[in-house]
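**Q** Take a look at the following structure, please.
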Amino acid sequence: MAVALALAIITLTGGLFFVIGWMSLVGSLPPNSFVGIRTPYTRKSPENWLATHRAAAPILIWVGVAALAAGLAFLPFAFLGVLGDGLVLGLVIGLGLLLLVGAITSWLYGTRSARLRPG
């Protein structure tokens, strides 16, 4: 049951990545101290914040959808106990790594793209 709960948390995190990515893409994620790519560069101006997050958004959306879809596909079976704990734990670790790599990649790509933009 504990690994099923961990899978639920990873699934919700995937949904959160999707929402943050979507808000970044449409420009509705305001500069804040809680969510987003918070570096000295992005905090320097609202334009830097917006450019960085718009560049990072597709990665966040893709990773969020992937984690959300995989989590939702396996979650009912995990809570019913149909899947072994080892399989669910492997899925949790795999999706956790996907989200971690996606977060780091979006941070690197978003910051780099924003710094290279003209103007």
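A quick yes/no check of all residues on (1) in a loop (DSSP other than H, G, I, E, B); (2) charged (D, E, K, R); (3) modelled with pLDDT of 95 or more; (4) open to solvent by less than 50 Å² (accessible area, probe 1.4 Å):
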site: L12; (1), (2), (3), (4): no, no, yes, no
site: V19; (1), (2), (3), (4): no, no, yes, no
site: R54; (1), (2), (3), (4): no, yes, yes, no
site: I61; (1), (2), (3), (4): no, no, yes, yes
site: L68; (1), (2), (3), (4): no, no, yes, no
site: L75; (1), (2), (3), (4): no, no, yes, yes
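**Q** To continue, here is another question. Given (1) in a loop (DSSP other than H, G, I, E, B); (2) at pLDDT 95 or above, where does F34 come up short, assuming only one miss?
**A** (2) is the only condition that F34 fails.
**Q** May I pose another question? Would you mention how many residues in region 78-87 are within 14 Å of L5 (Cβ to Cβ), open to solvent by 30 Å² or more (accessible area, probe 1.4 Å) and assigned to a helix (DSSP H, G or I)?
**A** Qualifying residue count for the region: 3.
**Q** In region 37-52, which residues are part of a helix (DSSP H, G or I) and open to solvent by less than 70 Å² (accessible area, probe 1.4 Å)?
**A** Y41, T42, N48, W49, L50, A51, T52
**Q** Given the criterion surrounded by fewer than 18 Cβ atoms within 10 Å (Cβ to Cβ) and within 14 Å of the chain's Cα centre (by Cα), identify the matching residue among G90, G96, G27.
**A** G96
**Q** Mind checking which residues of region 84-119 are without any contact (Cβ under 8 Å) to a residue 40 or more places away in the chain and either under 15 Å from G14 (Cβ atoms) or touching a Leu at 6+ places or on another chain (Cβ under 8 Å) (or both)?
**A** I93, G94, L97, L98, L100, V101
**Q** Here is a follow-up. Considering region 104-119 alone, what residues qualify as being assigned to a helix (DSSP H, G or I) and either on the phi > 0 side of the Ramachandran plot or open to solvent by 40 Å² or more (accessible area, probe 1.4 Å) (or both)?
**A** Selection gives I104, T105, W107, L108, Y109, R112, R115, L116.
The values are calculated or read from the model by the stated rules, or taken from the named source; none is laboratory data. This is a predicted model, so every value here is computed, not measured. Don't worry about glycine lacking a Cβ; one is built from the backbone with ideal geometry, like all the others, and counts go over all protein chains shown. Note: areas computed on protein heavy atoms with side chains; ligands, DNA, RNA excluded. Shrake-Rupley method; radii C 1.70, N 1.55, O 1.52, S 1.80 Å.
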